[in-house]
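Have a look at the structure below, then the notes.
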Amino acid sequence: MRISGIQMNMEFANPDNNYKKAEKLIRLAAKENPDTIVLPETWNTGFFPIENIKELCDKNGKQTIKLFSYLSKELNVNIIAGSVVNEKEGEIYNTSYIFNKKGECIAEYDKTHLFSFMHEDDYFKKGSRVTTFELDGVKCGVIICYDIRFLELVRTLALQGIKILFVVAQWPVSRIKHWEILNEARAIENQIFVACVNSCGTAEETIYGGHSALINPWGETIAKASYKEEIITGDFDMKVVDKIRNTINVYNDRRTDLYRYR
């Protein structure tokens, strides 16, 4: 699977401009002939406008679904639509939508771990389920930013059979080393490919760190971005997953009789 990650510098609290920019960047990324295109977290508003967040929300994902259903079908590409600030049933969620090459919205995921340090949990409602889906016959999962710190979540997805984990984020430059190490660790310990796509630029006082990457199950970087807005592209060879699991078989050697999660 060829993956293109769009490290987008969105305009804070300006969804109209961000939807236009996202479409422009997706069309540009499509020239690399990827199978799948990935956007970062909350690209529609930035992370996140407190004063008028409800007015700026997508409503039941309607604008996102309309645009990305059209683009994915027209361009014949799967799209991990990052995540958007989204209102449904009177609550605000941080929601990722997934589209296949037919233009179908095949899955959605609401961020389950909200970043209390920046008071995300004061404005957003927690998601209540994990999400897996298939793209071109490959089982995949998606998580959002702070989720990457919770190894139990990613291992749950791995035990459900994913071979690719998509991580969409607004990760600050001040903790970019954590971003790099955590994504590499999740790839190595779960023997999966990781496509981690961050934002860049500045939103209010926070500088976002870029460094989006495509990582193989050995923890090796296939492609990596810098701090600026750019598109990275690389190929994931699914045979690598089977090869490593047939040599260092951590799934077979796990001691589930000893593990207790509370």
May I ask you to list the residues in segment 135-190 that are of a type in the set (S, T, N, Q) and under 14 Å from Leu214 (Cα atoms)? Asn183
Residues located in segment 213-224, provided they are over 18 Å from Asp35 (Cα atoms), open to solvent by less than 40 Å² (accessible area, probe 1.4 Å) and out of contact with any Asp or Glu (no Cβ under 8 Å at 6 or more places or on another chain): Pro217
With (1) buried (at least 18 other Cβ atoms within 10 Å of the Cβ); (2) hydrophobic (A, V, I, L, M, F, W, C); (3) farther than 30 Å from Phe47 by Cα; (4) in contact with an Asp or Glu (Cβ under 9 Å, 6 or more places away or on another chain) as the list, and Val250 as the residue in question, which single condition is left unmet? (1)
Index of the failed condition, Tyr227 passing every other in (1) surrounded by fewer than 24 Cβ atoms within 10 Å (Cβ to Cβ); (2) farther than 23 Å from Gly46 by Cα; (3) aromatic (Phe, Trp, Tyr): (2)
Sole residue being within 25 Å of Lys139 (Cα to Cα), surrounded by fewer than 24 Cβ atoms within 10 Å (Cβ to Cβ) and hydrophobic (A, V, I, L, M, F, W, C), chosen from Ala81, Ala107: Ala107
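For segment 111-132, which positions are open to solvent by 30 Å² or more (accessible area, probe 1.4 Å) and of a type in the set (D, E, K, R)?
If the condition is that a residue be open to solvent by 30 Å² or more (accessible area, probe 1.4 Å) and of a type in the set (D, E, K, R), then Asp121, Asp122, Lys125, Lys126, Arg129 are the ones that fit.
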How many residues does segment 128-169 hold that are part of a strand (DSSP E or B), free of Cβ contacts under 8 Å to residues at least 60 places away in the same chain, of a type in the set (A, V, I, L, M, F, W, C) and more than 13 Å from Ile192 (Cα to Cα)? 2
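For every residue, the table says whether it meets (1) over 20 Å from Gln170 (Cβ atoms); (2) open to solvent by 10 Å² or more (accessible area, probe 1.4 Å); (3) out of contact with any helix residue (DSSP H, G or I) (no Cβ under 7 Å at 6 or more places or on another chain).
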{"residue": "Ala29", "(1), (2), (3)": "no, no, yes"}
{"residue": "Asn44", "(1), (2), (3)": "no, no, no"}
{"residue": "Gly61", "(1), (2), (3)": "no, no, yes"}
{"residue": "Leu71", "(1), (2), (3)": "yes, no, no"}
{"residue": "Glu74", "(1), (2), (3)": "yes, yes, yes"}
Consider Lys88 carefully, then state whether it is touching a residue at least 12 places away in the same chain (Cβ under 8 Å), over 23 Å from Ile26 (Cβ atoms) and surrounded by fewer than 21 Cβ atoms within 10 Å (Cβ to Cβ). yes
For segment 7-18: of the residues being farther than 16 Å from Glu229 by Cα and in contact with a Ser or Thr (Cβ under 9 Å, 6 or more places away or on another chain), which is least open to solvent (accessible area, probe 1.4 Å)? Pro15
Could you check, for segment 195-210, whether at least one of its residues is of a type in the set (Ser, Thr, Tyr), at pLDDT 95 or above and under 23 Å from Thr36 (Cα atoms)? yes
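The values are calculated or read from the model by the stated rules, or taken from the named source; none is laboratory data. Predicted, not measured: the structure shown is a model, and the values here were computed from it. Because the Cβ atoms are built from the backbone with ideal geometry, glycine has one as well, and the counts that use them run over all protein chains shown. For the accessible areas, the whole protein counts, side chains as well, though only heavy atoms, and no ligand, DNA or RNA atoms are used. Shrake-Rupley method; radii C 1.70, N 1.55, O 1.52, S 1.80 Å.
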